[in-house]
């Protein structure tokens, strides 16, 4: 009987590694460090809002948003869930049909998206979306100009000449 018990213990001690179960309850070395509060990255959205104002004339922005600070209006709509390309397409629709942007943004969910809104105002949705994409791309190229850059010594090395700041891992990516 003892021999059977010892054989069982010996067999249980030699369990192969793949048979072990990971339950996800392990602690890492940084488990007890206090992390920062979760925050929405508004910097890139705010930078995009400024970049759009550079791409579109002031008179058009004023007529579309009915505001003297269109970047704040653009940022507000981006924060409320309108996508960048959709925002650009709505801006074009607003300009062409002389409908305030706020009215179009309010009607967007009820109309079933950009296609339904375009149909309602007699515009070509595919053309608006394509031209909105070109406007978005042009604004995206200017976004880095409006992002704040840290001048800490650790980041100064990253932004040294010869390294492409557009690629995350450096030049050539």
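Just a few scattered comments:
- A count restricted to segment 142-169 and to residues that are modelled with pLDDT under 50 and under 30 Å from residue 92 (Cα atoms) stands at 1.
- Residues located in segment 33-65, provided they are over 22 Å from the mean Cα position of the chain (by Cα) and modelled with pLDDT of 90 or more: 57, 58, 59, 60, 61, 62, 63, 64, 65
- Test: residue in segment 126-141 that is at pLDDT 50 or above, assigned to a loop (DSSP other than H, G, I, E, B) and crowded, with 16+ Cβ neighbours inside 10 Å: no
- Just one of the numbered conditions (1) in a helix (DSSP H, G or I); (2) free of Cβ contacts under 8 Å to residues at least 24 places away in the same chain; (3) under 23 Å from residue 138 (Cβ atoms) is not true of residue 67: (1).
- Of the residues making up segment 70-83, those that are surrounded by fewer than 18 Cβ atoms within 10 Å (Cβ to Cβ) and part of a helix (DSSP H, G or I) are 72, 76, 79.
- When residues of segment 101-123 are limited to those that are loosely packed, with under 13 Cβ neighbours inside 10 Å and not in a helix (DSSP H, G or I), the one nearest to the chain's Cα centre (by Cα): 113
The values are calculated or read from the model by the stated rules, or taken from the named source; none is laboratory data. It should be emphasised that the depicted structure is a prediction, and the values quoted were computed from it without experimental measurement. Positions of Cβ are generated from backbone atoms using ideal geometry, with glycine treated the same way; all protein chains shown enter the neighbour counts.
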